[in-house]
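Some notes on the structure that comes next.
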Amino acid sequence: MKYLFILVLLLSVVAFCEEEAQAPVVTLDHKGIADNAQKDFFSLTSFSTYDKLPKEWVVTKNKDYKGEWKIEAGENANGIEGDKILIAQNEARKHGISTKFEKAFDPSEDGLLIQYETRFNKQLTCAGAYLKLPQDFKPKKFSGDDNYIVMFGPDKCGGTNKVHVIYKRLNPNTEEWEEHALINPPSIKNDVEPHVYTLVLGKENKFELFIDGESKKTGDLIDDFDGWQEEEIDDPEDKKPEDWVDEAMIEDPEDEKPEDWVEEEMIEDENAEEPEDWDEDEDGEWERPMIANPDYKGDWKPKKIDNPDYIGEWKPKKIKNEAYYVDEDTWKLSKIFGVGIEIWTMDAGLGFDNLIVGTATSKDAALEYIEKTWKVRKEAQKDYKEWEEEQNKTETETETDSESESESESDSESESESESESETESETEEEVEEVEEVEEVEEKKPEKKEL
């Protein structure tokens with residue numbers, strides 16, 4: 001009965017906790033927020049408003065891309081009712097998905113803004129989670145071979161840990177695309193919390209990079225990026241003359257090795273003696289063992305002197321670089337035809353949401369959108385995690401208290417049994433003593449004599 005009582009008590013406590021400690025879940029109107037914000041941007045995709053992939057987003061049919069995509073909650077999505085994102089499903093596979101705009105976006109008018117959220121099922125070990133904004137392309141054949149205008153987002157693998165910012169310009173002299181990457185990019189946020197990345201490429205060749213709504217990097221699109229052509233280059237036709245002397249130091253021809261210079265590193269041990277049991281027929285001719293020469297000085301080399309014929313280090317002459325050009329309006333990028341995610345990852349569960357493409361002038365609207373979406377999502381996830389930890393702590397304490405109470409009850413029963421056994425033993429001992437006394441009295445009675 002006691003154990004039954006404890007069980008009923010525990011069930012009552014659990015039921016009470018479930019009623020009192022409801023999980024903190026937020027209702028977020030993804031669709032309403034996204035619909036209201038559409039007017040502020042050229043393109044906005046909120047995957048949380050879909051139950052399956054929207055028709056505008058096409059998974060590439062390229063045979064090298066076997067990774068699958070789904071819209072689902074994924075892990076670490078607690079805190080918001082019905083929260084969903086686009087998730088790359090497989091590890092050790094290439095994933096490709098894209099959407100093509102009905103009309104190309106021209107950043108040369110008011111600059112470019114890119115913003116999107118990421119969320120990982122676990123910390124990245126080797127994966128990219130960046131976006132590509134391609135030139136004209138075919139979504140069903142989308143791959144890494146498609147030329148992109150901008151690549152932006154986190155990448156982590158081996159020694160790589162950075163937020164890529166790469167843009168391409170068409171060289172007017174060579175008519176080839178040239179890549180320019182941010183020289184000192186910030187590190188990624190590598191955890192399971194949601195994060196939002198924002199890039200603004202504006203007029204006067206200025207850029208600004210935000211992570212979670214905070215400015216992390218600002219600078220110039222020319223000075224802070226690599227890949228630029230030099231004004232002059234080495235003449236590939238210029239050859240070094242055969243009689244050109246570029247050795248600044250030479251060995252002194254008059255320097256001679258001293259007569260006492262010792263170059264033998266090992267010598268025979270003169271103190272060694274042939275063992276008495278040495279048998280030349282079986283062991284061969286005995287030889288003294290070699291030891292380090294205490295007088296060894298190393299290899300002798302003549303000293304170096306200045307070369308009287310030295311002309312200097314030869315360098316090819318410089319000529320004009322035909323590929324060099326000056327572009328004061330670097331921020332005026334070529335037209336963008338869509339958004340693509342083209343990644344190779346060793347980690348499954350890379351999530352994407354709230355993908356925005358707009359003008360640099362929409363920066364304030366983008367940061368406001370962060371407040372309405374990402375910030376709410378992050379706080380809800382944080383609150384849920386804290387609640388979950390508190391629940392786990394409470395359950396652990398309850399289990400501990402129950403175990404202690406059970407042990408106490410067990411101890412009490414043991415004590416009662418011990419006392420009962422002691423009383424029984426005492427009663428038995430008293431009965432034995434009484435029997436012994438009766439026997440003694442019987443023995444002391446006088447024997448009856450027959451008359």
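Couple of notes before you dig in:
- Subset of the range 183-197 [in a loop (DSSP other than H, G, I, E, B) and either within 20 Å of K375 (Cβ to Cβ) or touching a Lys or Arg at 6+ places or on another chain (Cβ under 9 Å) (or both)]: N184, P185, P186, S187, I188, K189, N190, D191, V192, E193, P194
- Only residues that are open to solvent by less than 30 Å² (accessible area, probe 1.4 Å) and more than 13 Å from K372 (Cα to Cα) were counted across the range 25-41, and they come to 1.
- Residue match in the range 227-250 (condition: open to solvent by less than 60 Å² (accessible area, probe 1.4 Å) and closer than 14 Å to V165 by Cα): yes
- On inspection, P258 does not qualify as in contact with a strand residue (DSSP E or B) (Cβ under 8 Å, 6 or more places away or on another chain) and open to solvent by less than 90 Å² (accessible area, probe 1.4 Å).
- Close pairs from the range 369-393: first in a helix (DSSP H, G or I), partner open to solvent by 60 Å² or more (accessible area, probe 1.4 Å), Cβ under 7 Å, at least 6 apart: K378/E193; Q381/N78; Q381/E193; Y384/N78
- Being among the charged types (D, E, K, R), open to solvent by 70 Å² or more (accessible area, probe 1.4 Å) and in a loop (DSSP other than H, G, I, E, B) is a property that holds for D223.
- Scanning the range 137-175 for residues that are assigned to a loop (DSSP other than H, G, I, E, B) and either touching a Leu at 6+ places or on another chain (Cβ under 6 Å) or without any contact (Cβ under 8 Å) to a residue 40 or more places away in the chain (or both) turns up K138, D145, N147, G158, G159, E175.
- Considering the conditions (1) within 20 Å of D155 (Cβ to Cβ); (2) in a loop (DSSP other than H, G, I, E, B), K216 is excluded by exactly one of them, (2).
- Flag if I356 is touching a residue at least 24 places away in the same chain (Cβ under 8 Å) and in a strand (DSSP E or B): yes
- Conditions (1) under 28 Å from the mean Cα position of the chain (by Cα); (2) open to solvent by 10 Å² or more (accessible area, probe 1.4 Å); (3) not hydrophobic (A, V, I, L, M, F, W, C); number of the one not met by D329: (1)
- Contacts under 8 angstrom Cβ, first residue in the range 271-282 being at pLDDT 85 or above, partner not charged (D, E, K, R), 6 or more apart: A272/P289; E274/W286; P275/W286; W278/W286; E280/W286
- Extreme residue, most open to solvent (accessible area, probe 1.4 Å), among residues of the range 289-313 that are of a type in the set (D, E, K, R) and under 30 Å from E247 (Cα atoms): K301
- Condition met for T398 (at pLDDT below 85 and more than 40 Å from the chain's Cα centre (by Cα)): no
- Boolean, W286 is in a loop (DSSP other than H, G, I, E, B), touching a helix residue (DSSP H, G or I) at 6+ places or on another chain (Cβ under 9 Å) and either without any contact (Cβ under 8 Å) to a residue 40 or more places away in the chain or surrounded by 10 or more Cβ atoms within 10 Å (Cβ to Cβ) (or both): yes
- Looking only at the range 141-181, and only at residues there that are of a type in the set (K, R) and under 12 Å from the mean Cα position of the chain (by Cα), the one that is surrounded by the most Cβ atoms within 10 Å (Cβ to Cβ): K156
- Taken as a whole, the structure places N184 among residues that are open to solvent by 40 Å² or more (accessible area, probe 1.4 Å) and modelled with pLDDT of 95 or more.
- Within the range 332-346, if we keep just the residues that are over 21 Å from K61 (Cα atoms) and either more than 36 Å from the chain's Cα centre (by Cα) or not aliphatic (A, V, I, L, M) (or both), the residue that is least open to solvent (accessible area, probe 1.4 Å) turns out to be S334.
- The sole residue among K70, K132, K66, K84 that is within 26 Å of the chain's Cα centre (by Cα) and farther than 26 Å from T49 by Cβ is K66.
- Flag if E264 is in a loop (DSSP other than H, G, I, E, B) and farther than 30 Å from N307 by Cα: yes
The values are calculated or read from the model by the stated rules, or taken from the named source; none is laboratory data. No experiment lies behind these values; they were computed from the predicted model shown. Please note: Cβ atoms are built from the backbone with ideal geometry, for glycine as well, and neighbour counts cover all protein chains shown. Calculation scope for accessible area: heavy atoms of the full protein, side chains included, ligands and nucleic acids excluded. Shrake-Rupley method; radii C 1.70, N 1.55, O 1.52, S 1.80 Å.
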